Amino acid sequence: MDDMRARYGVPLGITAVGAAGLAYAAGFEVRSFRLRRVTVPVLPQGMRPLRVLQVSDIHMVGGQRKKQRWLQSLAGLRPDFVINTGDNLSDPQGVPETLDALGPLMRFPGAYVFGSNDYYGPKLRNPARYLVERMTGRHGLNGNTPVVGAIHNPWEELRDGFDAAGWVNLTNTRGTLKIDGMEIALTGLDDPHIKRDRYQQVAGGPEAGADFSMAVVHAPYLRVLDAFTADRYPLILAGHTHGGQLCIPFYGALVTNCDIDTDRVKGLSTHTAGGHRSYLHVSAGCGTNRYTPVRFACPPEATLLTLVPHS
């Protein structure tokens, strides 16, 4: 009997801990929605603070009622404007529920970019491939072979819903929002993860006549961060990384699903390029790919950024 305990006790204990961790990651944390609050000193002197709500990586799947109610409740924050940094879908049938969940937020001024999952449906994937891609430096279509047999999502319906609400489409273009007489200039790119970014179409830096300018993109690839920073944008908003999604407590993320380092996988940081520095905020997002519906040490989130004058 003692020999059997010695032989099987440790493996069974490890199995039990692993099962408990998986149950927590899939049953609790993935639905443990959080709001983070961040203050960013980027505005010109004398400008009043601006409250910006960033939502990202919703990855809506039919029947996710708790996520829908939580997104709807964010309207109670009454932000000055909303920035949606993409990957709204993880289900070709998810557009109506996505628009319903974001409906109260679309009463506020806003802007958006799309991510790869808005255009294409997810496929079952071995999570170990993210580690391989990190070691080889190849992510998405950046160095990998083209995707074959992709499911096409009805992104046009999502775009039409956002546009009908007055949200500004920032797909490789510029736009502006009017907030209490102030002009907020926005420069956006399509998703670098699938090589749809066209920086040459938006190059040139912040709008000269605007009260404030900022940059928006789904995936924070270094080539994009370098370009925005060298063009002197004071703030860049991005998503895509899911904060690492499956993290190690007291250590952090193992992967970022792009070429940014794990130290900046989520939250507020800075980026330097061309002798200039920009603030970068990467949202960990509030959803997951439908085939990997787990999070560990990385709760789903949205962020309320309060922009204040720099010192």
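Cβ-Cβ distances below 9 Å connect the following pairs, each with a first residue in segment 275-299 that is in contact (Cβ under 8 Å) with a residue 24 or more places away in the chain and over 20 Å from Gln93 (Cβ atoms), a second residue that is among the β-branched types (Val, Ile, Thr) and open to solvent by 40 Å² or more (accessible area, probe 1.4 Å), and a separation of six or more residues or different chains: Arg277/Thr270; Ser278/Thr270; Ser278/Thr272; Tyr279/Thr270; Leu280/Thr270; Phe296/Ile248; Ala297/Ile248.
Among the conditions (1) without any contact (Cβ under 8 Å) to a residue 40 or more places away in the chain; (2) open to solvent by 80 Å² or more (accessible area, probe 1.4 Å); (3) touching a Pro at 6+ places or on another chain (Cβ under 8 Å), Lys178 misses just one, which is (1). When each of Arg65, Arg78, Arg48 is tested for being open to solvent by 10 Å² or more (accessible area, probe 1.4 Å), over 19 Å from the mean Cα position of the chain (by Cα), modelled with pLDDT of 95 or more and within 24 Å of Phe28 (Cα to Cα), the lone residue that passes is Arg65. Is it true that Gln54 is assigned to a strand (DSSP E or B), under 20 Å from Thr306 (Cα atoms) and modelled with pLDDT of 95 or more? When the stated conditions are applied, Gln54 passes them. Of the residues making up segment 281-311, those that are buried (at least 22 other Cβ atoms within 10 Å of the Cβ), of a type in the set (A, V, I, L, M) and touching a helix residue (DSSP H, G or I) at 6+ places or on another chain (Cβ under 7 Å) are Val282, Ala284, Ala302.
Filtering segment 197-238 to residues that are over 17 Å from Asn169 (Cα atoms), open to solvent by 60 Å² or more (accessible area, probe 1.4 Å) and not acidic (Asp, Glu) leaves Gln200, Gly204, Ala208, Gly209, Arg223, Arg232. Listed by first and then second residue, the pairs with beta-carbon distance under 6 Å, at least 6 apart or on different chains, first residue in segment 207-232 and under 18 Å from Trp167 (Cα atoms) and in contact (Cβ under 8 Å) with a residue 12 or more places away in the chain, second among the hydroxyl-bearing types (Ser, Thr, Tyr) and buried (at least 21 other Cβ atoms within 10 Å of the Cβ), are Ala215/Thr187; Ala215/Tyr233; His218/Thr85. Within this structure, Leu254 fails the test of being out of contact with any Gly (no Cβ under 9 Å at 6 or more places or on another chain), among the hydrophobic types (A, V, I, L, M, F, W, C), farther than 20 Å from Arg36 by Cβ and in contact (Cβ under 8 Å) with a residue 40 or more places away in the chain. Taking the criterion of being closer than 20 Å to Val55 by Cβ and in contact with a helix residue (DSSP H, G or I) (Cβ under 6 Å, 6 or more places away or on another chain), the residues of segment 258-280 that qualify are Val265, Lys266. Of all residues in segment 100-141, those that are farther than 30 Å from Trp167 by Cβ and among the basic types (Lys, Arg) total 4.
Applying the criterion of being part of a loop (DSSP other than H, G, I, E, B) and within 12 Å of the chain's Cα centre (by Cα) to the residues of segment 259-285, the residue that is farthest from Thr229 (Cα to Cα) is Gly285.
The values are calculated or read from the model by the stated rules, or taken from the named source; none is laboratory data. Everything numeric here is computed off the predicted structure, so don't read it as measured data. Every residue, glycine as well, gets a Cβ built from its backbone with ideal geometry; the counts of neighbours run over all protein chains shown. With ligands, DNA and RNA removed, areas are computed over all heavy atoms of the protein, side chains included. Shrake-Rupley method; radii C 1.70, N 1.55, O 1.52, S 1.80 Å.
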